[in-house]
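Reading through the structure tokens given below for one structure.
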Amino acid sequence: MPAVPHSSAKKPRIALTIGDPAGIGPELVVQLLALPAVGKRAEVTLIGNRAAIERAAKAVNVAVPRASDWLTIQEWEGDSREYAPGVAGVDNGNFILDSLRLGTRLVTDGKADALCFAPLNKGAMRLGGMHEEDEMRWFAKLLDYDGPCGELNILDDLWTGRVTSHMPLKDVSSVLTVEGVAQAIVMLTDAFRAAGKPAPRIGVCGFNPHNGDNGNYGREEIDVIAPGIALAASKGYPSTGPFPADTIFLRARNGQLDGIVSMYHDQGQIATKLLGFDVGVTVEGGLPIPITTPAHGTAYDIVGKGIAKITAMENAFELACRMGESRIRT
């Protein structure tokens, strides 16, 4: 865990859910809560499931979390249910959605400053009643928010956002807009600022091979992306680009950029997961409340083996703390 803040500072309050009780989420959470630094970093409300947590604690050989001066165990109906490990079904899908509703309500009611959740399974969530394309849109509907929002992926000091997300690749060009590019730049920059970095260096990806080669391989860079960069700059959100997608991450790796806006899902995801699959974090960017989670999935195939790495969970928790602190200050 990063350095603990000065004792005189008000600690952020984090609503922490175990995510999918059938996945590795419970194992990640019990290991996180066993770290001595966590209680010094934040006040935590745990939204969990007794059977899944006890099973996870045994698998990773740590103590079952107990209520303390910094840890509250939330009482709710999901705590007493039973879920088969490693299986995506209606029951654990219902649990995921119910726990996220509860965690969100804790933040909107002022009882927590940020929500952090362990990995989810979208298939289970759909079986449990999620009709939106992903949890990002589900959260937006839950919060009655119709403004711009999108997933941001964070890999240590490199943050990435995207203009489009979970959609067929054949449809991407038709939905790229000047306003959409500008919104992605604004959203990524605002997330940086909420986490304590007021002037991030944002680079923007091109869309076509070789950045369109001056229009020979497509005009999105000329007609959409460059005007989007200009529009964001006119609103006080500077960025640079567009840069060819096959070299922009080299610029970031060399320390020239803090954040990258990509045009579609895999354009950024492939690079970030290659650079650090086990450490990445996802932020539900643009929403009215801070929400973070590890960027990886539920890993049903290793549930119960005690080998799941907690680095991304630690990073997601720390980022929730930083964003929660920003929310306290404002």
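Table for the structure above
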{"item": "Those GluC sites (Glu not before Pro) in the range 18-87 that DSSP places in a loop and that have at most 15 other beta carbons within 10 Å", "result": "75, 82"}
{"item": "Extension reserve of the residue 210-residue 274 stretch, reckoned as 0.36 nm per residue once the Cα distance is removed", "result": "20.9 nm"}
{"item": "Top of 289, 18, 96 by mean-square fluctuation, Gaussian network on the chain, Cα under 10 Å", "result": "289"}
{"item": "Simple spin-label estimate for residue 40 and residue 101 in nanometres, 7 Å along Cα-Cβ", "result": "3.9"}
{"item": "Candidates per trypsin sites (Lys or Arg not before Pro) in the range 178-238, loop by DSSP, up to 13 other Cβ within 10 Å", "result": "235"}
{"item": "Degrees between helix 50-60 axis and first principal axis of the chain (Cα, 0 to 90, nearest 10)", "result": "80"}
{"item": "Whole-number accessible area per residue in Å² for the chain, which is evaluated in the context of all protein chains at 1.4 Å", "result": "43"}
{"item": "Residues of type lysines that residue 11 reaches as a straight line, Cα spacing below 19 Å, ignoring anything fewer than 8 places off in the same chain", "result": "40, 111"}
{"item": "Nitroxide proxy distance, nm - points 7 Å out along Cα→Cβ at residue 126 and residue 51", "result": "2.6"}
{"item": "Net charge contributed by nearby residues that have their C-beta within less than 14 Å of residue 296 (K/R +1, D/E -1)", "result": "-3"}
{"item": "Per-residue HN-Hα couplings for the range 61-77 [Karplus 6.51, -1.76, 1.60; θ = phi - 60°; Hz; x = Gly/Pro]", "result": "6, 10, 6, 5, x, 10, 4, 8, 5, 10, 10, 10, 8, 5, 8, 6, 5"}
{"item": "The chain: angle of helix 90-108 to the longest principal axis, Cα-based, in degrees nearest 10", "result": "80"}
{"item": "Rule-of-thumb Rg ratio for the range 206-330 [Cα; 2.2 N^0.38 Å; N residues]", "result": "1.29"}
{"item": "Equivalent ellipsoid semi-axes, the range 79-176, via Cα gyration tensor eigenvalues times 5, rooted, Å", "result": "25, 19, 14"}
{"item": "Inter-label distance, nm, simple model (7 Å from Cα along the C-beta direction), residue 69/residue 111", "result": "2.3"}
{"item": "Computed Rg/Rh of the range 259-330, alpha carbon atoms with Kirkwood Rh", "result": "1.02"}
{"item": "For residue 45, residues with placed amide H under 5 Å, excluding near neighbours", "result": "14, 15, 16, 72"}
{"item": "Fully extended contour minus Cα-Cα distance, from residue 90 to residue 311, at 0.36 nm per residue", "result": "76.7 nm"}
{"item": "Residue with peak Gaussian network fluctuation, the chain [Cα springs, cutoff 10 Å], from 224, 281, 44", "result": "224"}
{"item": "Diffusion coefficient, µm² s⁻¹, Stokes-Einstein with Kirkwood Rh over alpha-carbon pairs of the chain at 37 °C and 0.692 mPa s", "result": "162"}
{"item": "Amide H contacts of residue 243 (H built 1.01 Å from N, under 5 Å, at least 5 apart or other chain)", "result": "204, 205, 206"}
{"item": "Charge-dipole axis of the chain as Lys and Arg at +1 and Asp and Glu at -1 on Cβ define it, positive-most pick from 45, 166, 300", "result": "45"}
{"item": "Share of alpha-carbon pairs per 10 Å distance bin for the range 3-152, given as whole %", "result": "11, 40, 34, 13, 1"}
{"item": "Trypsin sites (Lys or Arg not before Pro) within the range 281-329, DSSP loop, no more than 15 other Cβ atoms inside 10 Å", "result": "305"}
{"item": "Length gained when the stretch residue 166-residue 254 is fully extended (0.36 nm per residue, less Cα-Cα span)", "result": "28.8 nm"}
{"item": "Under the Karplus curve 6.51 cos²θ - 1.76 cosθ + 1.60, θ = phi - 60°, whole-Hz ³J(HN,Hα) for the range 283-292, x wherever Gly or Pro sits", "result": "10, 7, x, x, 6, x, 10, x, 9, 10"}
{"item": "Residue among 94, 61, 49 with the largest mean-square fluctuation in a Gaussian network model of the chain, springs linking Cα atoms under 10 Å", "result": "61"}
{"item": "With 5 Å bins from 0: P(r) over the range 167-268, alpha-carbon pairs, percent", "result": "3, 14, 24, 26, 20, 10, 3, 1, 0"}
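The values are calculated or read from the model by the stated rules, or taken from the named source; none is laboratory data. As the structure is a computational prediction, the values presented were derived from the model and not from experiment. Note that we place each Cβ from the backbone using ideal geometry, even for glycine, and neighbour counts take in every protein chain shown. When the accessible area is computed, the model is the full protein with side chains, heavy atoms only, and any ligands, DNA or RNA have been set aside. Shrake-Rupley method; radii C 1.70, N 1.55, O 1.52, S 1.80 Å.
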